[in-house]
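See below for the structure under consideration.
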Amino acid sequence: MPEQLKKVFPSFSNELIQDIKANEVIKDFSAGEIIMRTGQYIKNTILVLKGAIKVYREDDDGGEFFMYYLQPGQACALSMVCATKNEKSQIMAKVVDDAEVVMVPLSLMDKWMMQHRSWYEFVVGTYRNRFEEVLEVIDSIAFRAMDERLEFYLKRQVEATGSKELKLSHQEIGSDLNTSREVISRLLKKMEQRGLVVLHRNQIEILM
């Protein structure tokens, strides 16, 4: 396990890895499982070893808006923020590819920030990267039409999965972008006519 942690989180010092090993709980989650719900108190931060997790913001009516992926080598910045203020979660996290994660008690965060330089740098880097990503999402919502938002979304999916063949239904994309399936189908058809994508059943081949 220490070797696996070092491989996925190469910036962690050996001392930090030993501390994680002494306090960790390793859990496996299947695709479709929800591992964090809006409104719950968070006691652990998540270090992703395998798989992929989607993080969503939910509205009062249960609508979902996709924010970003958690992938191997990453942690959930928003859970860290909730921990520092002892607040309830404001996000929902759903597994999209079978995942293996390390659950680390958030009560250790302040201690490790002082004791381990590599943890401090990892946490600060996590905050910075997520802040920049959320700003991109806000810009997409505020300044782009839906067709541009769809292109931005598809490019993010390609970057996150490392594949240009996306196994996504039109309904799933509509949910992620908080719009209807019909709107997404119409826009994807236009993108196909422009030579940007090829549409298959529950799969989209990205050409752009």
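The values are calculated or read from the model by the stated rules, or taken from the named source; none is laboratory data. Predicted model, so just to flag it, every value in this text is computed and none were measured. Virtual Cβ from ideal backbone geometry, glycine too; neighbours counted across all protein chains shown. Calculation scope for accessible area: heavy atoms of the full protein, side chains included, ligands and nucleic acids excluded. Shrake-Rupley method; radii C 1.70, N 1.55, O 1.52, S 1.80 Å.
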Residue by residue through region 22-59, note down the ones that are basic (Lys, Arg) and either open to solvent by less than 10 Å² (accessible area, probe 1.4 Å) or part of a loop (DSSP other than H, G, I, E, B) (or both). Arg37, Lys43, Lys54
Ser118 fails exactly one of the following numbered conditions: (1) hydroxyl-bearing (Ser, Thr, Tyr); (2) in a helix (DSSP H, G or I); (3) free of Cβ contacts under 8 Å to residues at least 12 places away in the same chain. What is the number of that condition? (3)
Here is a check on your reading of the model: is Leu47 at pLDDT 90 or above, under 12 Å from the mean Cα position of the chain (by Cα) and not charged (D, E, K, R)? yes
Tally, over region 101-131, of residues that are of a type in the set (Asp, Glu) and within 14 Å of the chain's Cα centre (by Cα): 0
Which residue pairs have Cβ atoms closer than 6 Å, lie 6 or more positions apart in sequence or on different chains, and pair a first residue in region 136-160 that is in the same structural domain as Phe66 (by TED's automatic domain parsing) with a second residue that is open to solvent by 80 Å² or more (accessible area, probe 1.4 Å)? none
Among (1) under 20 Å from Tyr120 (Cβ atoms); (2) surrounded by 13 or more Cβ atoms within 10 Å (Cβ to Cβ); (3) free of Cβ contacts under 8 Å to residues at least 60 places away in the same chain; (4) not hydrophobic (A, V, I, L, M, F, W, C) - the single one Asp19 does not satisfy: (3)
I need a count of the residues in region 121-134 that are without any contact (Cβ under 8 Å) to a residue 60 or more places away in the chain and either touching a strand residue (DSSP E or B) at 6+ places or on another chain (Cβ under 6 Å) or open to solvent by 60 Å² or more (accessible area, probe 1.4 Å) (or both). 6
